[in-house]
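A.B. asks: Here it is, the structure in full.
The values are calculated or read from the model by the stated rules, or taken from the named source; none is laboratory data. Note that the structure is predicted; figures quoted are calculated from it, not measured. As a convention, Cβ positions derive from the backbone with ideal geometry for all residues, glycine included, and neighbour counts pool all protein chains shown.
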């Protein structure tokens with residue numbers, strides 16, 4: 001019997017099934033967790049433009065960041081590989097990047113809150129490819145999503161001195 | 001300006017649908033396209049092969065001259081003479097035989113015989129030790145001649161090129177492409193097994209023409225190890241390049257009955 005061929009067939013099949021079940025269970029759990037955290041912090045003002053307080057004044061500012069590094073699993077890469085042949089939306093990567101962006105924003109908010117900041121102003125998102133070595137699509141590909149902005153501390157405006 | 005707290009929606013940037021169905025559709029669709037392409041090319045090659053002159057054939061393949069084992073002992077020299085003689089006898093029953101048929105030895109322990117493009121057949125020294133009767137050896141040579149009769153070298157070359165083309169097209173797509181490439185490779189082996197079966201039938205017809213019966217011809221297959229477990233059997237049936245030994249024997253027994261070839265007869269022992 002041609003054992004080498006058998007292994008060539010069975011190993012990817014086992015990896016696919018394993019990666020699918022592990023990957024989707026992690027994904028479901030992460031989405032649940034994200035929704036809870038996002039709901040809890042929804043009133044934390046986070047804007048993409050320079051924030052101008054109305055009745056308050058800015059007393060302190062700092063850089064707040066949140067970053068996530070993600071990689072794809074075997075199953076998602078398999079589907080993306082098929083997509084590279086026929087074209088179209090790589091649906092297997094979209095939830096992954098969606099989760100990464102939302103997680104990065106959450107981490108940034110948590111960073112700001114922990115430092116006692118009230119508002120995040122001028123928020124930006126950046127994506128960088130940090131590792132895809134061999135170029136033959138077999139190296140480990142990873143992406144970093146960075147969310148950053150300016151954390152502002154606000155205080156009630158003091159009445160004008162007479 | 002008022003800040004409106006809003007939660008990110010789950011269904012805008014990421015599809016709610018599971019990607020499994022999507023992947024299955026793509027995989028099956030691609031497999032179908034590759035299958036149709038592979039089948040059509042194979043058919044086309046089979047149609048074209050008879051028009052390729054035999055003289056072109058050996059030039060299409062790499063040189064193999066250095067493989068031929070020069071006989072060293074008296075035994076080997078006698079064996080080679082016997083091979084040449086047997087080859088001349090059985091090939092005389094094939095009127096359309098090409099010119100330049102030769103048979104020689106190959107220094108290799110595994111019992112095997114190979115037909116090289118252009119007409120050089122090599123029998124391994126391992127096979128030389130295993131084979132006991134002239135009928136058995138005649139069948140092995142006849143089988144190799146069957147590969148020339150079927151123009152199997154060109155067919156295999158064409159199939160190899162088609163596979164290489166498929167692999168190249170799937171190249172950049174990672175595991176998915178590998179899988180499709182591998183599946184077409186395994187499908188290709190079905191064609192290979194068909195070639196072997198036809199070569200078997202051809203070889204057996206030469207044996208009957210020479211000796212008048214089929215007895216002893218398939219003895220060699222009994223000496224090959226058979227897969228033990230049932231699952232091992234089923235798998236090796238699909239993965240192998242050659243049909244499973246006992247199935248080959250059965251197929252040839254059926255053929256002998258169908259053609260009314262005598263089954264009983266005395267096999268000539270080899271000295």
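Yes/no matrix, rows are residues, columns are (1) more than 14 Å from chain A (Cβ to nearest Cβ); (2) modelled with pLDDT under 85; (3) touching a strand residue (DSSP E or B) at 6+ places or on another chain (Cβ under 7 Å); (4) exposed (fewer than 15 other Cβ atoms within 10 Å of the Cβ):
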position: B:11; (1), (2), (3), (4): no, yes, no, yes
position: B:25; (1), (2), (3), (4): no, no, no, yes
position: B:32; (1), (2), (3), (4): no, no, no, yes
position: B:41; (1), (2), (3), (4): yes, no, no, no
position: B:47; (1), (2), (3), (4): yes, no, no, yes
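A.B. asks: On to the next question. Filter segment B:107-127 for residues that are over 21 Å from residue B:152 (Cα atoms) and buried (at least 21 other Cβ atoms within 10 Å of the Cβ) and give the result.
C.D. replies: Once the filter is applied, which keeps residues that are over 21 Å from residue B:152 (Cα atoms) and buried (at least 21 other Cβ atoms within 10 Å of the Cβ), segment B:107-127 yields only B:127.
A.B. asks: Given (1) touching a helix residue (DSSP H, G or I) at 6+ places or on another chain (Cβ under 6 Å); (2) within 14 Å of chain A (Cβ to nearest Cβ); (3) surrounded by 14 or more Cβ atoms within 10 Å (Cβ to Cβ), identify the lone condition not met by residue B:98.
C.D. replies: Just one mismatch for residue B:98, condition (2).
A.B. asks: Take segment B:193-212 and flag every residue that is out of contact with any helix residue (DSSP H, G or I) (no Cβ under 8 Å at 6 or more places or on another chain) and closer than 18 Å to residue B:152 by Cα.
C.D. replies: B:193, B:194
A.B. asks: For segment A:52-61, does any single residue satisfy the condition of being facing another protein chain (nearest Cβ under 9 Å) and in a helix (DSSP H, G or I)?
C.D. replies: no
A.B. asks: Is it the case, given these coordinates, that residue B:71 is at pLDDT below 90, outside any helix (DSSP H, G or I) and in contact with a strand residue (DSSP E or B) (Cβ under 8 Å, 6 or more places away or on another chain)?
C.D. replies: yes
A.B. asks: Please work out if residue A:32 is facing chain B (nearest Cβ under 8 Å) and loosely packed, with under 15 Cβ neighbours inside 10 Å.
C.D. replies: So residue A:32 does not fit the description; no.
A.B. asks: Is one or more of the residues making up segment A:23-42 outside any helix (DSSP H, G or I) and in contact with a strand residue (DSSP E or B) (Cβ under 7 Å, 6 or more places away or on another chain)? Quick ask: steps written out before the conclusion?
C.D. replies: Let us first name the residues in segment A:23-42 that are outside any helix (DSSP H, G or I), namely A:41-42.
Adding the requirement that they be in contact with a strand residue (DSSP E or B) (Cβ under 7 Å, 6 or more places away or on another chain) leaves none.
Checked segment A:23-42: no residue is outside any helix (DSSP H, G or I) and in contact with a strand residue (DSSP E or B) (Cβ under 7 Å, 6 or more places away or on another chain).
A.B. asks: Being away from chain B (no Cβ under 14 Å) and in a loop (DSSP other than H, G, I, E, B) is the filter; apply it to segment A:84-125 and report the residue that is surrounded by the most Cβ atoms within 10 Å (Cβ to Cβ).
C.D. replies: In this case the residue turns out to be A:117.
A.B. asks: Does any residue of segment B:74-82 turn out to be outside any helix (DSSP H, G or I) and either closer than 30 Å to residue B:128 by Cβ or away from chain A (no Cβ under 14 Å) (or both)? Even if it seems obvious, please write down each step before you answer.
C.D. replies: Our first condition is that a residue be outside any helix (DSSP H, G or I); within segment B:74-82, this holds for none.
Among the residues of segment B:74-82, not one is outside any helix (DSSP H, G or I) and either closer than 30 Å to residue B:128 by Cβ or away from chain A (no Cβ under 14 Å) (or both), which makes the answer no.
A.B. asks: Ok, one more. Going by what's in this entry, would residue A:14 be described as facing chain B (nearest Cβ under 10 Å) and surrounded by fewer than 16 Cβ atoms within 10 Å (Cβ to Cβ)? Break it down into steps so the answer makes sense when it comes.
C.D. replies: Values: facing chain B (nearest Cβ under 10 Å): no; surrounded by fewer than 16 Cβ atoms within 10 Å (Cβ to Cβ): yes.
No, not satisfied.
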